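Undergrad: Structure provided below as structure tokens; questions to follow.
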Amino acid sequence: MALALENVSKHFGSLVAIRNLSLSFGVGSIYSIIGPNGAGKSTVVNMIAGSYSVTSGTIRLGSTTLSKLPKYRIARLGVARTYQNLRLFDAMTVLENLEVCFFPQSWPALLSGVRRLAKTERLEICRACLERFHLSDVADSLAGDLPYGRQKMLELARAFVTEAPIVLLDEPAAGLNHTETKEMAAMIASLKREDRAIILIEHDMDMVMSISDRIDVLNHGELLCSGTPELVRTNERVQEAYLGTTEELDDIRKLAQSRRAQGGLRSNAGIVRH
Ligand SMILES: Nc1ncnc2c1ncn2[C@@H]1O[C@H](COP(=O)(O)OP(=O)(O)OP(=O)(O)O)[C@@H](O)[C@H]1O
Ligand SMILES: [Mg+2]
């Protein structure tokens, strides 16, 4: 099953957030979408998931046109996602946060569109999922009481519990420390499957470079470059757009080094999260 954006544009009033973007994603791979802040990455995810309408162009999943469907129908067709900002049910347990994906009246269920399961079957799936995401020990803790890193892992788990073939991850490593980011990267890499496409938005370049099969670089809502991590890493236009000129990059590196020495800013292979 392939997901395709065909000449997609998105305007917010006079702001053109995405301009004539065409991309396709097949199952079996991990794709990363990178680009500077405001490049339009989340807008792409929001359009695929149906949270934003498209201004023009078409988004298809196989032969089905997604871009005219409400988001719960898109989810039912097998598109799951995480959000740039956490959206857990803080007052529910970790297990319940997964279980709710199978309750017919809840928004995660509406968004995941899974069939109703008997409680035992539901619990079995959710417990296996917690195990997979190293969350079994906190199954009965309130989600809101978890440390931030484990909340991010729970949100990841929720995107995978329904076995959707298309999974959109909007900055799963945002706010994580170095060790947690490495764990997150390893976890996402391990979730790659022949019958699943993972589309990742991420600013952590170590993560992006190490787990992506293809990287699409957006700049000002347009596709700047698309290819293997090696190709993107060495593309001069990408370096300039994403990192600035060599001189600017040197300045950023120096700033990052001095801040890091003070225990502040996180740096990833010379790329600094703004
Ligand atoms: N709901 C909205 N209403 C108005 N403008 C929006 C909306 N969502 C996004 N935008 C604008 O569209 C542009 C792209 O935003 P988007 O959130 O897609 O960027 P991004 O690449 O995800 O950035 P970041 O790395 O900071 O998350 C920005 O100029 C943003 O202000
Ligand atoms: Mg974003």
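The values are calculated or read from the model by the stated rules, or taken from the named source; none is laboratory data. Since this is a predicted model, take the numbers as computed values, not measurements. For neighbour counting, all protein chains shown are included, and Cβ atoms are generated from backbone atoms with ideal geometry for every residue, glycine included. Ligands, DNA and RNA are stripped out before the accessible areas are found, and what is left, the full protein with its side chains, is counted by its heavy atoms. Shrake-Rupley method; radii C 1.70, N 1.55, O 1.52, S 1.80 Å.
Undergrad: Looking only at the range 171-200, count how many residues are crowded, with 23+ Cβ neighbours inside 10 Å, within 16 Å of ligand 2 (Cβ to nearest atom) and not small (G, A, S).
TA: Qualifying residue count for the region: 3.
Undergrad: Next question. Name the residues in the range 1-15 that are among the hydrophobic types (A, V, I, L, M, F, W, C), open to solvent by 10 Å² or more (accessible area, probe 1.4 Å) and either out of contact with any Gly (no Cβ under 6 Å at 6 or more places or on another chain) or not in a strand (DSSP E or B) (or both), would you?
TA: Within the range 1-15, M1, A4, F12, L15 qualify.
Undergrad: Right, here's the next one. I need the full set of residues from the range 28-48 which are more than 12 Å from ligand 2 (Cβ to nearest atom) and open to solvent by 10 Å² or more (accessible area, probe 1.4 Å), in order please.
TA: Kept after step one, since they are more than 12 Å from ligand 2 (Cβ to nearest atom), are these residues of the range 28-48: 28-32, 47-48.
The answer is G28, S29, Y31.
Undergrad: Can you pull out the residues in the range 184-204 that are in contact (Cβ under 8 Å) with a residue 24 or more places away in the chain, more than 13 Å from ligand 1 (Cβ to nearest atom) and either of a type in the set (D, E) or assigned to a helix (DSSP H, G or I) (or both)?
TA: M184, A185, M187, I188, A189, E194, D195
Undergrad: In the range 141-163, how many are open to solvent by less than 10 Å² (accessible area, probe 1.4 Å), within 16 Å of the chain's Cα centre (by Cα) and among the small types (G, A, S)?
TA: Qualifying residue count, the range 141-163: 2.
Undergrad: Looking at G57, G50, G40, which is the one that is touching a Gly at 6+ places or on another chain (Cβ under 7 Å), within 22 Å of F12 (Cα to Cα) and small (G, A, S)?
TA: So the residue among G57, G50, G40 that is touching a Gly at 6+ places or on another chain (Cβ under 7 Å), within 22 Å of F12 (Cα to Cα) and small (G, A, S) is G40.
Undergrad: Would you mind stating whether R253 is modelled with pLDDT of 65 or more and closer than 20 Å to C225 by Cα?
TA: no
Undergrad: So, one more: Read through the list (1) open to solvent by less than 10 Å² (accessible area, probe 1.4 Å); (2) within 16 Å of ligand 1 (Cβ to nearest atom), then give the number of the only condition that E222 fails.
TA: Result: E222 passes all but (1).
Undergrad: Can I33 be described as touching a helix residue (DSSP H, G or I) at 6+ places or on another chain (Cβ under 6 Å), outside any loop (DSSP other than H, G, I, E, B), modelled with pLDDT of 95 or more and farther than 22 Å from L191 by Cβ?
TA: No: the conditions fail for I33.
Undergrad: Additional query: If you go through the range 156-171 one residue at a time, do you hit one that is within 17 Å of N37 (Cα to Cα) and either modelled with pLDDT under 95 or charged (D, E, K, R) (or both)?
TA: Yes, the conditions are met somewhere in the range 156-171.
Undergrad: Restricting to the range 49-79, give me the number of residues that are open to solvent by less than 40 Å² (accessible area, probe 1.4 Å), of a type in the set (V, I, T) and within 16 Å of ligand 1 (Cβ to nearest atom).
TA: Here the count works out to 2.
To keep it simple, each residue is scored yes or no on (1) touching a residue at least 24 places away in the same chain (Cβ under 8 Å); (2) under 30 Å from V138 (Cα atoms).
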| position | (1), (2) |
| --- | --- |
| G40 | yes, no |
| I59 | yes, no |
| S63 | no, no |
| K68 | no, no |
| R76 | yes, yes |
| V79 | yes, yes |
| Y83 | yes, yes |
